[in-house]
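Scroll down for the structure; my scribbles are underneath it.
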Amino acid sequence: MSLHYARRRAVNSIALAASLLSACFGIFFLVWILKDVFRFGLPAMTVAFFTELPSPPGVEGGGLANAITGTVLITALATVIGVPAGILAGTYLSEYGRASRFASIVRFLCDILVSAPSIVVGVFVYALLVRPFGGFSAVAGAVALAIIMLPVVIRTAEEMLKLVPDSTREAALALGAPHWKVTVFVVYRGAMRGITTGVMLAVARVSGETAPLLFTSFNNAFWNFKPGEPTATLTVTIFNYAMGPYEDWHGKAWGAAFLITALVLIVTLTARFLTMRRVNGNE
Amino acid sequence: MKKYLNILIVLTVCFGGASIAFAAGLINGAGATFPYPLYAKWAYEYNKKTGAKMNYQSIGSGGGIKQIKAKTVDFGASDAPLTAKDLDDSGLIQFPMAVGGVVPVVNIAGVKSGQMKLSAEALSDVYLGKIKKWNDVKIASLNPGVTLPDDSITVVHRSDGSGTTWIFTNYLDKVSKGWHEKVGFGTAVDWPTGVGGKGNEGVATYVKRIKNTIGYVEYAYAIQNKLAHARMENKEKNFVEPSMEGFMAAAANADWKGTPGFAVVLTDQGGKNAWPIAGATFIIVQKAPASCANTKEVFGFFDWAYRDGVDMAKSLDYVPIPQPVYTVMEDAWAKEVKCGGQGVWKR
Amino acid sequence: MPISDGHKSGHAADAAFKGVSFFFAFAVMALLSAIIFVLIKESWLSIGKFGLGFLVSSTWDPVQGVFGALPAVWGTVVSSVIAIIIAVPISLGNAIFLTETAPKGIKGPIGAAIELLASIPSIIYGMWGLFVFAPFIAENVEPFMIERLGFIPLFRGAPLGVGMLPAGFILAIMIIPFISSVARDVFLMVPPILKESGYAVGATKWEVIWKVVIPFAKSGIMGAVILGLGRALGETMAVTFIIGNSQRISLELLNPGTSISAALANEFTEAVEDIYLSSLVELGLILFVITFVVLAAAKLMIARSSYRPYSGGAR
């Protein structure tokens with residue numbers, strides 16, 4: 001009996017220790033990756049990195065100013081396309097569709113689309129926007145990113161809108177406000193913070209995307225602010241430079257990696273902080 | 001919501017304004033990776049001199065051909081010449097910008113750069129998987145005095161489509177019947193053996209990292225990565241070192257004017273010092289361009305590069321195109337590329 | 001739901017707002033149909049030429065224009081399965097740690113740290129994998145593995161640092177946060193009364209987890225695993241950097257292979273001939289169909305379990 005008990009206790013301890021180890025596994029790699037991104041990326045953080053265009057191989061200096069602005073431009077365009085569409089579709093699911101068959105199908109498709117391979121989205125946009133319109137462009141890249149962003153925004157918006165209690169809606173309706181006004185001025189207001197954090201996360205996620213941009217926004221060695229022209233992005237630059245032959249390129253690729261990782265982590269942590277406060281208040 | 005609308009309006013105005021402010025011409029080109037450092041250097045200097053922007057992206061030769069056919073760029077670039085028929089079918093012309101060479105590189109303990117000698121037969125048999133070990137008699141007989149290990153050969157090739165592969169396999173196709181029947185040539189082929197590295201750099205990395213390997217890279221990459229290259233037996237049975245002179249010798253006898261579509265192939269050329277795995281790298285443009293103004297800029301840029309870019313080319317280990325050849329090319333530009341019946345290019 | 005249909009005050013604005021929001025909800029359906037339509041249209045040439053043989057042919061010969069999907073499908077499936085084999089036990093361990101074992105104070109930070117793994121962009125995994133991880137294991141792990149485990153064919157191959165097994169490993173790190181977080185939520189759904197009855201009869205913590213929590217959460221866990229699988233299947237950049245890019249099937253997992261997404265990233269801009277391009281798009285179509293089926297399965301399984309990832313609202 002006591003032997004049996006000792007064995008059970010041993011198994012228990014081993015299993016619980018294993019669960020601790022598996023938690024450490026993920027953290028170990030997180031630390032390892034971040035450490036290297038910092039170590040190799042920080043030395044690239046010079047003023048020129050943010051202000052100058054890339055120099056040709058063999059010429060010292062230069063920066064990735066064009067890729068930084070390009071990432072901002074494309075991500076902003078994608079946000080402009082994807083977020084309103086996503087919020088409105090989410091509104092339909094939460095305010096009108098609810099339990100209808102149509103709404104559940106849309107929900108289901110969204111969950112599929114969330115995990116759809118992003119490279120396939122790139123191929124789709126290439127066939128839809130790049131080839132027929134005769135050129136790579138920031139807009140094509142932004143559309144690809146917007147497609148990736150869309151389902152995330154829809155589901156977040158729906159979830160956040162649903163958290164607003166029906167009694168709030170009923171109270172506003174009882175005052176004689178039309179349904180759309182209730183949605184825009186009451187329900188949206190109530191769900192604002194949740195939606196904002198969801199949107200932030202979606203934007204952060206797509207700003208780190210590479211695969212859908214390879215055949216859409218392409219790349220550009222110069223400044224570009226025209227939505228109709230090929231545009232450099234940090235992620236595509238990492239892809240090209242990491243595969244290139246020059247040490248200087250590898251350094252710049254690490255620099256770009258540092259920048260994009262820092263951006264994504266900061267946004268994610270901020271959003272998490274906001275939701276934590278929210279959840280504590282709500283659930 | 002209102003706030004959102006405001007942001008939207010601000011963004012639109014910003015981009016609209018920026019579009020006007022930055023209206024200076026941007027020329028897009030894409031294609032071969034081999035001449036990328038050269039084109040980037042030229043574009044950089046040209047931009048400093050004229051303010052014109054040439055955006056060249058190295059996506060690979062196949063990509064260059066595809067994108068110019070789809071008119072998504074103003075010019076394409078390829079290390080593999082298109083055939084005259086292909087050019088006619090797609091309404092394109094091509095012209096050479098520089099000459100370079102592909103170099104077999106090896107990593108064998110104790111074998112120094114330039115020490116290993118290879119014949120056409122030995123190289124093709126290694127890549128066919130017929131020669132499996134470094135001390136095979138076919139290699140050993142070429143290399144008396146070199147200690148070759150009794151180890152398996154790891155063959156490295158490109159995993160992506162590439163003009164380098166085109167030149168390399170075109171050479172093997174010419175010199176080896178077995179290769180011609182089994183594999184053929186192209187920017188990507190069905191390799192009988194080996195591992196694939198992405199880009200010249202991928203191949204260089206594998207060769208550096210793995211023992212008893214052989215790979216092939218562009219000359220500049222072999223130099224940059226300090227890889228041990230092999231000497232090759234050329235058509236006149238001389239073992240030659242890869243060098244600018246060797247590439248120039250391979251290009252010396254080429255008949256540019258008489259070759260339809262200027263589709264000159266420089267592998268396995270005669271000439272005492274000719275490096276056998278050489279090739280020209282080409283620019284491809286539409287005969288009836290989507291944007292005439294851009295194509296005019298393209299010609300302006302390459303005209304400048306032919307004339308004023310010679311020293312830059314040499315400093316980066318590229319063989320420039322000699323004056324008699326580029327005159328022929330510029331005549332072809334003037335004659336063949338038209339917009340609304342008018343020639344696009346006038347000197 | 002008094003508000004959805006009850007309020008018919010005849011405002012045109014209401015109708016317009018509803019119409020616009022419906023339009024965007026409908027757009028999701030249209031978008032998905034458009035993606036499938038475009039993929040089928042663009043791969044029609046290859047579908048017509050190779051038929052079903054495309055799925056089982058292992059030839060990938062751009063010179064002859066003969067293509068088969070098997071090496072890419074094989075690489076996609078094998079690298080993802082490796083990832084699952086590594087990630088599932090670790091993710092379950094994570095979930096157990098976060099729900100049962102961890103002291104209250106560190107639960108939050110550790111959970112957050114693991115979730116941060118999911119927010120690192122995939123290209124960073126690829127770059128880090130190529131520059132840091134691959135050389136490291138090529139030097140320190142793979143030669144040892146070949147020497148000690150080489151009697152099993154799976155652990156043979158060239159010690160390049162890149163290949164099927166390293167790709168699977170990196171994928172595992174990438175999907176751990178996804179599986180962990182769903183598994184954790186599933187575990188939290190287990191009614192406390194069940195666990196307490198376990199403790200009441202004298203079971204250890206592990207016995208409660210193993211005999212009460214896991215059986216209760218089984219179908220939710222399956223859903224989480226398949227969700228992770230779906231992620232791994234479609235992953236592009238990390239795999240492209242580290243799978244080795246060789247269109248060949250090898251049982252030796254240290255050898256380089258390719259995956260559908262890696263083939264697309266490598267070759268899509270390179271494909272000149274129509275049939276080459278069409279075959280690549282067909283690969284994309286196959287990937288889309290596979291992930292669609294897998295994710296649909298995951299959805300259904302999670303839905304059948306007591307756990308609802310998107311609970312609340314009117315159902």
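Can you sort B:Asp125, B:Asp160 from fewest to most other Cβ atoms within 10 Å of each residue's own Cβ?
Details: B:Asp125 20, B:Asp160 26.
Ascending Cβ contact count within 10 Å gives the list B:Asp125, B:Asp160.
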Using Cα centres only, tell me the gap between segment B:81-103 and segment B:185-233 in whole Å.
24
Of the DSSP H helices in chain C, the ones reaching 15 Å or more along their long axis in Cα terms and averaging at least -0.5 in Kyte-Doolittle hydropathy are C:12-42, C:70-96, C:104-119, C:164-188, C:218-234, C:274-304
Cα-Cα P(r), the protein assembly as shown, percent of pairs per 20 Å interval:
13, 43, 32, 11, 1, 0
So what J values fall out for segment B:50-57 if you push phi through Karplus, 6.51 cos²θ - 1.76 cosθ + 1.60 with θ = phi - 60°, rounded to Hz, Gly and Pro as x?
10, x, 6, 10, 10, 9, 9, 10
Å³ per residue enclosed by the Cα convex hull of segment B:49-94
93
What ranking, highest mean first, results for peptides B:226-235, A:133-142 when packing means the other Cβ atoms within 10 Å averaged over each residue?
A:133-142, B:226-235
Under 16 Å from the Cα of B:Lys257, which aspartates and glutamates turn up, not counting those fewer than eight places away in the same chain?
B:Glu330, B:Asp331, B:Glu336
Too long for a 18 Å Cα-Cα cut-off, among B:Lys132/B:Lys211; B:Lys112/B:Lys211; B:Lys177/B:Lys235; A:Lys181/C:Lys18; B:Lys174/B:Lys235; B:Lys226/B:Lys272, are B:Lys226/B:Lys272
Less than 18 Å apart at the alpha-carbon level, and either on another chain or at least 8 residues along: which aspartates and glutamates does that give for B:Lys208?
A:Glu247, B:Asp151, B:Glu218, C:Glu139, C:Glu142
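In a shell of Cβ-Cβ distance under 14 Å around A:Phe102, excluding A:Phe102 itself, what net charge do Lys and Arg (+1) and Asp and Glu (-1) give?
Details: positive: A:Arg98, A:Arg101, A:Arg107, C:Lys18; negative: A:Glu95, A:Glu158.
Neighbour charge sum, excluding A:Phe102 itself: +2.
If you rank A:Thr233, A:Thr69, A:Thr183 by fewest surrounding Cβ atoms within 10 Å, what's the result? Walk me through the intermediate numbers first.
On the way: A:Thr233 33, A:Thr69 18, A:Thr183 25.
Least crowded to most crowded, the residues run A:Thr69, A:Thr183, A:Thr233.
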Cβ-defined net charge surrounding B:Trp191, 12 Å radius [Lys, Arg +1; Asp, Glu -1]
+1
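Count charges around C:Leu160 for me, please; just the other residues with Cβ under 12 Å from its Cβ, Lys/Arg as +1, Asp/Glu as -1. Intermediate values should be presented prior to the final figure.
On the way: positive: B:Lys208, B:Arg209, B:Lys211; negative: C:Glu139, C:Glu142, C:Glu252.
Every neighbour counted, the sum reads 0.
Counting only helical runs of four or more DSSP H residues, what would the 222 nm mean residue ellipticity of chain C come to if each run contributes -39,500 (n - 2.57) and the total is spread over all its residues?
Details: 16 runs with 211 residues, N = 315.
Result for chain C: -21500 deg cm²/dmol, rounded to the nearest 500.
Specify whether the C-alpha gyration tensor of chain C places it in the rounded, prolate or oblate class, a ≥ b ≥ c being the square roots of the eigenvalues: rounded for a/c under 1.5, otherwise prolate if a/b is larger than b/c and oblate if not.
Values: a/c = 2.29, a/b = 1.13, b/c = 2.03.
Since a/c reaches 1.5 but b/c is at least a/b, the shape of chain C is classed as oblate.
What Kirkwood radius, in Å to one decimal, follows from the Cα pairs of chain B? Walk me through the numbers before you get to the answer.
Numbers: mean 1/r = 0.0467 Å⁻¹.
Taking the inverse mean of 1/r over all distinct Cα pairs, chain B comes out at 21.4 Å.
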Helix B:292-308: angle to the longest alpha-carbon principal axis of chain B, degrees 0 to 90, nearest 10?
50
For segment A:147-245, shape from the Cα gyration tensor axes a ≥ b ≥ c, cut at a/c of 1.5 then a/b versus b/c, turns out prolate
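Apply the a/c threshold of 1.5 to the C-alpha gyration tensor of segment A:61-219 and tell me whether it is rounded, prolate or oblate. Display every interim value, and only then the final one.
Details: a/c = 2.79, a/b = 2.00, b/c = 1.40.
Here segment A:61-219 falls in the prolate category.
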Please enumerate, by chain and number, the lysines with C-alpha under 20 Å from the C-alpha of C:Lys195, excluding those fewer than 8 residues away in the same chain.
C:Lys104, C:Lys107, C:Lys205, C:Lys211, C:Lys218
10 Å Cβ neighbours from other chains, averaged over peptide B:274-284:
0
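Every read-out reported here was derived from the displayed coordinates using simple, explicitly stated rules and does not represent laboratory data. What you see is a predicted model, and the numbers here were worked out from it, not measured in a lab. Note: ideal-geometry Cβ built from the backbone for every residue, glycine included; neighbour counts use all protein chains shown.
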